[in-house]
Amino acid sequence: MHTCMYRTVCGAFFDYSSMSEETVYANLKFQDSDKKENTQKSKRCGRKVPSSPSHSQHNAVLILTLLCFLLLIGLGVLGGLFYTTLKTEMIKSNQLQNIKEELQKNVSLQLMHNFNSSKKIRNLSAMLQKTAIQLCRELYTKEPEHKCKPCPKGSKWFKDSCYSKLDGFGTWQKSEMLCSARNASLLKIKNRNELEFVKSEGLNGYWLGLSPRKNYIRSEILNENMFLSVGFERSTFDLRKMYCGYIEGIYVHYTYCTLEKSIICEETAGNVQVESVLNDLPQESG
């Protein structure tokens, strides 16, 4: 009886063992079949089945993502700074341009003001000079050697000219040289007013600033037109054979230029000194 039970138990154990081994073998075979199938599918697709990412690869991806994000932030900050700086510089440039235009406007106004002021000053100066000349003429009439007279001492003042009689006598050429040394010339009549003045002086025997002539004439009436003739070239003519004119009242007589006559020089009058006139004006009593 015990032997039968043993056989029964042992048979059941071996049957179970055989069934377990078959089950394990079947599972392994199934797994191996799945692996082969996946491998075959991967081969058919032409690529390997990707393995699951490791922990280090995951960290690297995170770091790269963070760096890209920080880079974008940096670019944004730099862009903001550039825009702000550009805007500030443009504002400064506009301000400088406005200042420059304002300065140019002020300078133009100042120059215009100075020009107008200078013009007014010139007009006032001319008016003052004219008034001083009129006053000086009145003083000269009363006192021929008044200090305001714009002529050398001993000379006559008429209009814009001074007339000086020199001591002694001289040939026409010598007389002309003496006048030139004084920045003057022999007497020349330029207009009707001067002609009347010279006639009123009653001059006799004074050389005139007429050009020497080859042909002799005795005399002619003094007039302003005879002084319009063109001058002569000294190196071309021999003055010993020429005739020069001298005044006798209202006439002009001609004689040899080598003879000696009296000398009168004519020169441009200087400016009347305003101070010399103002100092002689009557002072108002206080």
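The values are calculated or read from the model by the stated rules, or taken from the named source; none is laboratory data. Keep in mind it's a predicted model, so treat the numbers as computed, not measured. Positions of Cβ are backbone-derived with ideal geometry, glycine not excepted, and every protein chain shown enters the neighbour counts. Side chains included, ligands, DNA and RNA excluded: accessible areas come from the protein's heavy atoms. Shrake-Rupley method; radii C 1.70, N 1.55, O 1.52, S 1.80 Å.
Annotations
- Formal net charge of residues neighbouring LEU96 (Cβ-Cβ distance under 13 Å; K, R +1; D, E -1): -1
- Solvent-accessible surface ranking, highest first, for ASP160, ASP238, ASP167 at 1.4 angstrom: ASP167, ASP160, ASP238
- Selection of GluC sites (Glu not before Pro), region 65-148, meeting DSSP coil and at most 14 other Cβ within 10 Å: GLU145
- Between GLY245 and LEU208, LEU210, the built amide H atoms are under 5 Å apart, and every one of these is 5 or more places off in sequence or on another chain.
- Rounded to whole Hz, the Karplus (6.51, -1.76, 1.60) HN-Hα couplings of region 110-124, x for glycine and proline: 5, 5, 5, 5, 5, 4, 5, 5, 5, 4, 5, 5, 4, 5, 5
- Share of carbon and sulfur in the accessible heavy-atom surface of region 106-186 [1.4 Å probe, %]: 58
- Considered as an equivalent ellipsoid built on the Cα gyration tensor, region 139-208 has semi-axes of 21, 15, 11 Å, the largest given first.
- Annotation: amide H-H contacts under 5 Å for ALA184 (H modelled 1.01 Å from N, sequence separation of 5 or more, or interchain): none.
- For region 93-103, putting each phi into the Karplus relation 6.51 cos²θ - 1.76 cosθ + 1.60 with θ = phi - 60° gives couplings of 4, 5, 5, 5, 5, 5, 5, 4, 5, 5, 5 Hz, in residue order, rounded to whole numbers and with x for Gly and Pro.
- Accessible area in square angstrom per residue, region 42-180, 1.4 angstrom probe: 82
- Note that region 57-62 has calculated 3J(HN,Hα) couplings of 5, 4, 5, 5, 4, 4 Hz, one per residue in order, obtained from phi through the Karplus relation 6.51 cos²θ - 1.76 cosθ + 1.60 (θ = phi - 60°); glycine and proline are x.
- Highest average packing first - 198-207, 70-79, Cβ atoms within 10 Å: 198-207, 70-79
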